[in-house]
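Only one structure is covered here, and it is reproduced in the block below.
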Amino acid sequence: MKIVYSYYVLDLIHKGHLLMMKNSKAMAGEDGKLIVGILTTEAVLEKKAQPPVLSFDERIDIAKSIKYVDAAIPQATYSPIPNIKNIKPDILMESDSHKAKEIEEARKVMESFGGRVVVMPYYPSQCSTNIKKKIKNEVREDQDVKISQF
């Protein structure tokens with residue numbers, strides 16, 4: 001049985017998340033398991049200026065409800081390394097949006113116990129940051145229209 005580990009902030013769910021999870025589950029195979037790490041708010045703040053909109057509890061509950069996910073666990077650091085050292089999955093799914101140095105560090109850890117890293121493409125049109133910006137811009141435009149009508 002293969003174990004695959006993949007990790008997310010999962011603040012806003014979009015097609016990019018679902019594609020990564022679907023591909024991760026496919027890598028595990030029919031009898032394999034997909035374990036999803038959900039970054040805690042503190043872990044998110046290691047790299048991002050703003051905390052997630054949704055609470056950690058909401059985000060992990062959403063992850064648990066996705067059909068591709070066999071288990072969802074907290075990830076206390078932005079890096080998956082502490083979790084992969086504990087779990088020792090066969091495969092770590094990464095995104096090419098992460099820095100090459102970080103992926104290489106994870107690759108060394110995975111190889112130390114016989115695992116490997118699979119890097120999937122990032123879907124820039126489907127990222128939470130861009131979706132949030134679009135919402136903010138549309139709200140501003142809507143407010144501008146209402147104000148100008150007076």
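The values are calculated or read from the model by the stated rules, or taken from the named source; none is laboratory data. These figures come from a predicted structure and were not determined experimentally. Glycine gets a Cβ as well: all are built from the backbone with ideal geometry, and neighbour counts include every protein chain shown.
Of the conditions (1) closer than 20 Å to residue 1 by Cα; (2) touching a Pro at 6+ places or on another chain (Cβ under 8 Å); (3) among the basic types (Lys, Arg), residue 59 fails just one. Which one is it?
Only one criterion is unmet by residue 59, namely (1).
Which count do you get for residues in segment 52-79 that are at pLDDT 95 or above and surrounded by fewer than 17 Cβ atoms within 10 Å (Cβ to Cβ)?
Adding up the residues that qualify gives 12.
Any residue in segment 63-85 that's touching a residue at least 12 places away in the same chain (Cβ under 8 Å): show its pairings with residues that are loosely packed, with under 14 Cβ neighbours inside 10 Å and not in a helix (DSSP H, G or I) at Cβ separation under 6 Å, as long as the two are six or more apart or on different chains.
These pairs meet every condition: 78/46; 78/47.
Of all residues in segment 93-105, which are among the hydrophobic types (A, V, I, L, M, F, W, C) and either within 16 Å of residue 9 (Cα to Cα) or assigned to a loop (DSSP other than H, G, I, E, B) (or both)?
Scanning segment 93-105 gives a single hit, 93.
Among the residues of segment 87-102, is there at least one that is at pLDDT below 95, within 15 Å of the chain's Cα centre (by Cα) and hydroxyl-bearing (Ser, Thr, Tyr)?
Yes, there is a match, as at least one residue in segment 87-102 is at pLDDT below 95, within 15 Å of the chain's Cα centre (by Cα) and hydroxyl-bearing (Ser, Thr, Tyr).
Scan segment 122-142 and give yes if some residue there is modelled with pLDDT under 95, of a type in the set (S, T, N, Q) and not in a helix (DSSP H, G or I), otherwise no.
The answer is no, given that none of the residues of segment 122-142 is modelled with pLDDT under 95, of a type in the set (S, T, N, Q) and not in a helix (DSSP H, G or I).
Looking only at segment 28-50, filter to residues that are over 17 Å from residue 72 (Cβ atoms) and either surrounded by 14 or more Cβ atoms within 10 Å (Cβ to Cβ) or of a type in the set (A, V, I, L, M, F, W, C) (or both); which one of those is modelled with the highest pLDDT?
Top of the filtered list is 45.
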